[in-house]
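The values are calculated or read from the model by the stated rules, or taken from the named source; none is laboratory data. Please read these numbers as outputs of a predicted model, since none were measured by experiment. Backbone-built Cβ (ideal geometry, glycine too); neighbour counts: all protein chains shown. Surface accessibility is based on the protein's heavy atoms, side chains included, excluding ligands, DNA and RNA. Shrake-Rupley method; radii C 1.70, N 1.55, O 1.52, S 1.80 Å.
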Amino acid sequence: MAELRRLVNRRRERTEAGKFVIDGPRLLVEAVVAGLEIVDVFAEPAVDLWADLGISIDAPTWTVADGVLARAGSVVAPQGVMATARIPELAPPSGGDFVVELSGVADPGNAGTIVRSAVAAGAQAVVFSPGSVDPWNPKTVRASAGALFRVPLAVESPVGERIGADPRQGRPCDQVDLTGPLTLVVGNEAHGLDRAAAIGRWVSIPMAPSVESLNVAAAASVLCFEVARQRR
């Protein structure tokens, strides 16, 4: 359990071990279906893995006492199952014409939600640039609802034109052609994108005058689905 706690709480531990934590049966099923390498599974006595998950897991399974996972995990109401899995290797995007890049996104919940929206809108890869939260933070994994397992995490995003999201500059997103190859770049929650960032074109989201901006995850979702809408 000590290793599990370290993997939950420390990015350095996850990086050095090459492993991350999956918290809950639904995410574990998503990981297995996506083909991730499961290293260890930990289940409380009340959980029947075969009956409850409906899949076979080729990994050592350990039964732990009730309440142990609550002390190791990062959720208020743990679901009786946790696992560790190998972190997939980063790679350059291979093909595709729509990538989403997180530039300095610090909140794990926002990051996971952005990945979930990107995958749902058809993005072929996601990039976590330096300064962004660890994609394998348990809260990011949980907020992605398994989307992190279904999209390549790329080391860079050399795909098409770099489109920057900003609430105060750029043409409205529904008036810009987003059908060509592009990388949609979203920035930090408090400061947005650096004005010196390598952005080819800026876009904004039309909003009521009384609203200054949207949460970065909400803005990214709107823009991802505008890309998807234009490509349908």
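Values computed for the structure shown
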| read-out | value |
| --- | --- |
| Wholly enclosed helices (runs of 4 or more DSSP H) of the range 1-120 bearing at least 3 residues modelled with pLDDT of 95 or more and over 29 Å from ALA217 (Cα atoms) | none |
| Residues (open to solvent by less than 20 Å² (accessible area, probe 1.4 Å), within 19 Å of ILE163 (Cβ to Cβ) and not in a loop (DSSP other than H, G, I, E, B)) located in the range 121-142 | ALA125, VAL126, VAL127 |
| Count of the range 80-109 residues which are in contact with a helix residue (DSSP H, G or I) (Cβ under 8 Å, 6 or more places away or on another chain), open to solvent by less than 20 Å² (accessible area, probe 1.4 Å) and touching a residue at least 60 places away in the same chain (Cβ under 8 Å) | 8 |
| Tabulated pairs, the range 135-158, first under 22 Å from ARG10 (Cβ atoms) and without any contact (Cβ under 8 Å) to a residue 40 or more places away in the chain, second of a type outside the set (A, V, I, L, M) and part of a strand (DSSP E or B), C-beta under 7 angstrom, 6+ apart or interchain | PRO135/PHE128 |
| Selected residue (criterion: surrounded by the most Cβ atoms within 10 Å (Cβ to Cβ)) from residues of the range 1-32 that are touching an Asp or Glu at 6+ places or on another chain (Cβ under 8 Å) and among the basic types (Lys, Arg) | ARG14 |
